[in-house]
Amino acid sequence: MKVKTILISQPEPKIENSPYFELEEKQRVKIDFIPFIHVEGVNSKDIRQQKIDLTNYTAIILTSRNAVDHFFRIAEEMRFKVPDTLKYFCLSEAVAYYLQKYVVYRKRKIYVGKRTFSELSPYIKKYKNEKFLLPASDMLKPDVPKILNKLGVEWKQAVFYKTVVSDLSDLRNVTYDILVFFSPSGIKSLFENFPEFEQKDTKIAVFGNTTIKAAKDHGLVCNIKAPTPETPSMTMALQKYIKEANKK
């Protein structure tokens, strides 16, 4: 079956040179971007109920841009003036760069990992006498608390924002040749919106082992998988599949 339409279960990329746009042009396929999940911030009352006092912490661990946004939103709601002495431990360069939206970068103590939490942990270990706050979502990866506990640092996790299933009712009578998922939450959203969903001829593309497992647990066949040594990105995996399918 030739591939003509693809649905990406994420927001449309904001950068003009996204590889998805190049894929769309080169392979002559139509790609739609519809987020299957979205983030909603909790309010300051919820933070207080979690027994979080922002004045107690000397360092903050930021695992995503959402964490950055919602930490500063809550600080503003609570009328908490973020001290210049606060140390920031950012999961990646992208998160650290985004921090500039709220602080003067060169005047702050910022420590940056490469990509994974284990790569950030040596910096946290170096400053193990700090009191760490981890503002996160309600779906934090389980390896994060494990690593922090192993480091033996004083830390506290708080839910600053939640991952919520989006309303996909507009897609009820729409079909795509390929559905692309990047997290178990996306798979969950599909079946919460359409409990009777049947895969039939639709091809399922999945990124990451946890997403593959979630898809299989829901009875889906994973036709396209990334990352692999041959196709480290989803766009590469899609391109490889489309080339082969459309050649026939």
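The values are calculated or read from the model by the stated rules, or taken from the named source; none is laboratory data. This is a predicted model, so every value here is computed, not measured. So basically every Cβ, Gly included, is an ideal-geometry build from the backbone, and we count neighbours across all protein chains shown. What goes into the accessible areas is simple: the full protein's heavy atoms, side chains included, and nothing from ligands, DNA or RNA. Shrake-Rupley method; radii C 1.70, N 1.55, O 1.52, S 1.80 Å.
Only residues that are within 13 Å of residue 134 (Cα to Cα) and either at pLDDT below 95 or open to solvent by 20 Å² or more (accessible area, probe 1.4 Å) (or both): list them for segment 51-64, please.
Selection gives 53, 56, 57, 58, 63, 64.
Across segment 114-133, which residue is surrounded by the fewest Cβ atoms within 10 Å (Cβ to Cβ) among those that are within 12 Å of residue 93 (Cβ to Cβ) and in contact (Cβ under 8 Å) with a residue 24 or more places away in the chain?
Within segment 114-133, the match that is surrounded by the fewest Cβ atoms within 10 Å (Cβ to Cβ) is 115.
Would you please list the contacts, defined by Cβ atoms under 6 Å and residues six or more apart or on different chains, that run from a residue in segment 221-232 that is at pLDDT below 95 to a residue that is assigned to a loop (DSSP other than H, G, I, E, B)?
none
Taking into account only those residues within segment 6-21 that are open to solvent by 40 Å² or more (accessible area, probe 1.4 Å) and in contact (Cβ under 8 Å) with a residue 60 or more places away in the chain, which is farthest from residue 202 (Cα to Cα)?
19
Could you go through segment 214-225 and let me know if any residue there is over 23 Å from residue 164 (Cβ atoms) and among the small types (Gly, Ala, Ser).
yes
I'm told residue 211 meets every condition in (1) surrounded by fewer than 18 Cβ atoms within 10 Å (Cβ to Cβ); (2) of a type outside the set (D, E, K, R); (3) touching a Gly at 6+ places or on another chain (Cβ under 8 Å) except one. Can you identify the failing condition by its number?
The single condition residue 211 does not satisfy is (1).
Just to be sure before I move on: is residue 14 assigned to a loop (DSSP other than H, G, I, E, B) and either under 18 Å from the mean Cα position of the chain (by Cα) or under 27 Å from residue 153 (Cα atoms) (or both) in the structure I sent?
Spelling it out, residue 14 is indeed assigned to a loop (DSSP other than H, G, I, E, B) and either under 18 Å from the mean Cα position of the chain (by Cα) or under 27 Å from residue 153 (Cα atoms) (or both).
So residue 147 passes all but one of these: (1) under 16 Å from the mean Cα position of the chain (by Cα); (2) within 25 Å of residue 68 (Cα to Cα); (3) open to solvent by less than 60 Å² (accessible area, probe 1.4 Å). Which condition number does it fail?
(1)
Among the residues of segment 142-201, what is the count of those that are assigned to a loop (DSSP other than H, G, I, E, B), in contact with an Asp or Glu (Cβ under 8 Å, 6 or more places away or on another chain) and of a type in the set (Val, Ile, Thr)?
1
Among the residues that make up segment 179-198, is at least one of them more than 30 Å from residue 3 (Cα to Cα), crowded, with 16+ Cβ neighbours inside 10 Å and either in contact with a Phe, Trp or Tyr (Cβ under 7 Å, 6 or more places away or on another chain) or of a type in the set (Val, Ile, Thr) (or both)?
no
Can you find a residue in segment 80-95 that is out of contact with any Leu (no Cβ under 9 Å at 6 or more places or on another chain), more than 27 Å from residue 49 (Cα to Cα) and modelled with pLDDT under 95?
Scanning segment 80-95 turns up at least one residue that is out of contact with any Leu (no Cβ under 9 Å at 6 or more places or on another chain), more than 27 Å from residue 49 (Cα to Cα) and modelled with pLDDT under 95.
Looking for whichever is open to solvent by 90 Å² or more (accessible area, probe 1.4 Å), assigned to a helix (DSSP H, G or I) and under 16 Å from residue 185 (Cα atoms) here; the options are 216, 243. Which one fits?
216
List every residue pair whose Cβ atoms lie under 9 Å apart, where the two residues are 6 or more positions apart in sequence or sit on different chains, the first residue falls within segment 64-78 and is in contact (Cβ under 8 Å) with a residue 12 or more places away in the chain and under 19 Å from residue 48 (Cβ atoms), and the second residue, located anywhere, is among the basic types (Lys, Arg) and surrounded by fewer than 18 Cβ atoms within 10 Å (Cβ to Cβ).
72/101; 75/81; 78/48
Report, ordered by the first and then the second residue, all pairs with beta carbons closer than 6 Å, sequence separation of six or more or different chains, a first member in segment 159-175 that is under 30 Å from residue 71 (Cα atoms), and a second member that is open to solvent by 20 Å² or more (accessible area, probe 1.4 Å) and assigned to a helix (DSSP H, G or I).
160/70; 161/66; 161/70; 165/192; 168/193
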